[in-house]
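One structure is given below, encoded as C-alpha cells.
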Amino acid sequence: PAPHPPLRDPSSRRRRGPWARAMFLSLYRGVFYALGFVYPAYESFKALEKNQEASEAGADAVAQWLTYWVIFSLFAALEAVLDRALAWFPLTWALKLAFVLWLQLPQSQGARVLYRNHVKPLLQAHEERIDRNLASGLQQAIALKQTSFQWGNQMLSRSGMRPPQQRVPGTPPR
C-alpha cells in the first residue's frame, strides 16, 4: 500500500512563523503595557488615597510609585529612541518585562535604586540648566505658534480666502 501523506505540509510551518511570532510579541507587548502602565497607575491611585489618610505607609507608597513613574518615563523615552535597534535582539520584550517587574517589586525596589544612584544625582547636577532650557523652549514654541498663525493668515489672504474669524462662543457661525 502507498504510504499515508503527512498530516501537515512541512512548508506550512514557515507560513505560520511570522504570524505566530507577531502573536507572541503582541502578547508580550500587552503584558508589558499592563504591568508597565495599568498596574502602576492603579497602585498610584491607591497610594494617593492612602496618603490622604496621612499615614506613614501612605507616604511610602506615594514615594515608591512617584519614583517608579520617573524611572519608567525615562525608560519609555529611551526605548522610543532605541526601539528599532533593540528590535533586532531576541527576547527584547521578555527583557523589558523583567526590567519593569524589577522596577516595581518591593523585594528589589529597582526604581528607587536607579533613582537614588543615577537619576537624582544627574538631574540635581543639571537642574538649573534644564529649567532654563524648558522655559526657553516654551517661549520658542509660543512664538512659533504665533508666527505660524500669522503666516497662515497671510497665505489665506494672498489666495483670496478669508482667514477664519474669532467668534464669540455660543454665537452661530456666519
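The values are calculated or read from the model by the stated rules, or taken from the named source; none is laboratory data. Being a predicted model, the structure only gives us computed values, none of them experimental. Note: ideal-geometry Cβ built from the backbone for every residue, glycine included; neighbour counts use all protein chains shown. Heavy atoms of the whole protein, side chains included, go into the accessibility calculation; ligands, DNA and RNA do not. Shrake-Rupley method; radii C 1.70, N 1.55, O 1.52, S 1.80 Å.
Being under 22 Å from Lys120 (Cα atoms), at pLDDT 75 or above and open to solvent by 90 Å² or more (accessible area, probe 1.4 Å) is the requirement here; does Leu78 meet it? Answer is yes for this residue. Across region 66-75, the qualifying residues are those that are open to solvent by less than 60 Å² (accessible area, probe 1.4 Å) and in contact with a Pro (Cβ under 9 Å, 6 or more places away or on another chain), and the one among them that is nearest to Leu27 (Cα to Cα) is Phe72. When Pro40 is tested against (1) in a helix (DSSP H, G or I); (2) at pLDDT below 70, just one condition goes unmet, and that condition is (2). Scanning region 106-115 for residues that are exposed (fewer than 13 other Cβ atoms within 10 Å of the Cβ) and modelled with pLDDT of 90 or more gives Gln107, Ser108. Inside region 72-128, residues that are acidic (Asp, Glu) and under 21 Å from Phe37 (Cβ atoms) make up a count of 2.
One residue stands out in region 81-95 among those that are outside any loop (DSSP other than H, G, I, E, B) and out of contact with any helix residue (DSSP H, G or I) (no Cβ under 8 Å at 6 or more places or on another chain): the one that is most open to solvent (accessible area, probe 1.4 Å), namely Arg84.
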